[in-house]
1. Determine ³J(HN,Hα), in whole Hz, for all residues of region 409-418 in sequence, where each value follows from phi through the Karplus function 6.51 cos²θ - 1.76 cosθ + 1.60 and θ = phi - 60°; x replaces Gly and Pro.
2. Calculate one ³J(HN,Hα) per residue across region 220-230 by plugging θ = phi - 60° into the Karplus curve 6.51 cos²θ - 1.76 cosθ + 1.60, and present them in order as whole Hz with x for glycine and proline.
3. For region 63-155, what does the alpha-carbon gyration tensor say about shape, rounded, prolate or oblate, given a ≥ b ≥ c as the root eigenvalues, a/c under 1.5 as rounded, and a/b over b/c as prolate?
4. Which Cα, out of 435, 352, 423, lies furthest along the positive dipole direction of the chain (beta carbon charges, K/R +1, D/E -1)?
5. Multiply the residue separation of residue 304 and residue 88 by 0.36 nm, subtract the distance between their alpha-carbon atoms, and state the gained length in nm to one decimal.
6. Can you give me the convex hull volume of the Cα atoms of region 490-626, divided per residue and expressed in Å³?
7. Answer with one residue from 227, 183, 86: the one whose Cα lies farthest towards the positive end of the charge dipole of the chain, charges on Cβ with Lys, Arg +1 and Asp, Glu -1.
8. Stokes-Einstein at 20 °C, 1.002 mPa s, Kirkwood radius from Cα pairs: D for region 382-540 in µm² s⁻¹?
Amino acid sequence: MAGRFRTESAAKLRMRLQGAGANVVDEVSRSVDLVFDGYDGGYPNERVAAAERLGVPVLPVEELLASRTRRTGSGDFPGHADLEMVQDDPAALLQLLEEADWSAFEPERDLLTLRALLAGVEERHGVTGAHRLATERLREHGARLRHPYTMFGGDFQDYALSPCGRYLATGRGLTKDDYDGTGPLQVWEMATGRLVNTIDVMYGVGWPGRRDTVQWSADGTRVALAFCTNNVGVWDPFGARTNPYGSADVTDGYDAAAIFTLAPDGRRAYISMSSEHEMMGCVAALDEGKVFYNDYRHHNAGPEPAMLTEPLPEEAKELLKNDYFAFRRVRWSRDGGRLLGDDDTWAAVVDLPGGRMRWLALTAGPVAWSPDDRYAAALTPGRPRRLTVFDGSTGQPVGDPVAQAEGSLHWGMRGSEARLAVVVEDGGGVDVHDAHGRHRYHLPIATAKRIGQHFYDGQARPWAWESTGDFAACLTADGRAEVWSLGDEPARVGSIEAPDGTQAVLWGADGVLALIGARTLRFVGAFTGAVLGDFVFGRHFDSERSPLDDEHATLHGMFRSDAFPLTDSSWCAIADPAVGPAAALVVADEDRMDSPDDLDAVLAWTVGRRFSWPVRWGRLDVVASVEAASALLRLG
């Protein structure tokens, strides 16, 4: 146990843990299973720091208060066929759910089916007793009330879709002049446009203008971050633990985020750094606590990083002359055996583990790699620029270079075939090429000025392919996202309004777009235009537009208010922690008691930090004052 606990005394918490059969010890070692973290006014607490050094999981104490004993069901939860049989009979559906063995409910197996069916029932019959009963059972199952607004955190620094496209991970930096705070890693469910997990990251995520500072493992179970300026760490995006599995601080200490690529297994990363060897960088473990390797090449903590010891081939040395090669952008190949990247002048492929350079080619500009690792594209020197596509295995051009206006490069896959979109800035449109660089067609899109072409344009992502490659979305100069069908004959099939300042579009699963600005995030159906979630960050608490005098007011005992804004700039609050008698508590002005839709647009129940569930489908304890909240909690 670490720090002070406002929830209850450390002695009581210790007794509670011991009563549950836990052995509570005073020193953190590798034999410790968990550290429960309170708050002592400083960060990090010595025991938390020791846990991070050793890779021991750290959980907030709220997890102890919210924990429930879970039984394993002896029966089966109703499947899709059983639910479909009663979907048009609300009374029969309610009876089916009442008689169901909820202890056999598995969110990853059962929740999406149940949620989709209840959404259809709501369209036909409104919110029914089945919705309310399911919500109560999910609360008993551990569902938590959440909103996406955090006390700390500045602009969005980077973002990445999970490999399955169902989740978006966003990383935010520090607020202005807050050099000792946190910036959150937030995980969003694309299908609902709702936050499902937040992890506060000390000193924030990423760096202004840098890209690739948020990366998923190939199986979607881990997220790697560049954080605290030079560090790289790996977190569980759906877990309760607040600290990384492991982290590495091995760079040369510049004021910029580390350049790295996560291995497909999510357990190690290549990190760019200077080296006494001819090939720069190292491979560091990210699942064994903290790795530290300082500027003087002294190994101080954790497993020693593996250097790339193979000498450069003579032909590469001749091309580089007296220069050296260090990746500026880099990606680990899907098969785990190569590094693919460039330094803004040269493209290269390096074999692992030793670091033998397989090939080196002059590009004199950024390089984009196809999702299947087979091709690299670059706009090579010339007037006009020449689009050249290289074979990813050999570095040889796969076709004749073609004239191409300068722009940002975006690969996608249509079946087994790669396709390349070149977004030309400032109204120049988009050119689509096949895998060999042959021009297919031009899209007359009024493209934006910022197109993410250069290394420090990391937040700008003007183009997004749909996963099948049949569609794509592109940001425009007049604040829209155009949706195009890209079959044999291209056609514009939609136009969606984007929030002011939108600089990125990402296309997730189920036809959902994420439109992202420095402090805005909107989820919208690509083909329907329906807004699923719409959030503006960076607003300051206004007591004149809230029933609260203080955004962190004491409600009762250990419970504080956790304030959040609604779209009309009024402020409400849930409880912190939102557990026990405060699990469904909302402090809001009286207008919200009869108008829950505003709350439903921001709040959601989250199940397993992976799925969201609409709050409109169940009961919220909405009160109009701190005094009313305190009275309710005293009764609870």
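1. 9, 9, 7, x, 10, 10, x, 8, 9, 7
2. Per residue, the Karplus-derived 3J(HN,Hα) values read x, 9, 9, 10, 9, 10, 8, 9, 6, 6, 9 Hz.
3. Numbers: a/c = 2.38, a/b = 1.41, b/c = 1.69.
Oblate is the answer for region 63-155, as a/c is 1.5 or above yet b/c matches or exceeds a/b.
4. 352
5. Values: separation 216, 0.36 × 216 = 77.76 nm, distance 6.17 nm.
Here the segment from residue 304 to residue 88 would lengthen by 71.6 nm.
6. So the per-residue Cα hull volume is 135 Å³.
7. Checked the options; the winner is 227.
8. Details: Rh = 16.2 Å.
Estimated via Stokes-Einstein, D reaches 132 µm²/s.
The values are calculated or read from the model by the stated rules, or taken from the named source; none is laboratory data. These numbers come from a predicted model, not from an experiment. As a convention, Cβ positions derive from the backbone with ideal geometry for all residues, glycine included, and neighbour counts pool all protein chains shown. The accessibility values were calculated without ligands, DNA or RNA, using every heavy atom of the protein model including side chains. Shrake-Rupley method; radii C 1.70, N 1.55, O 1.52, S 1.80 Å.
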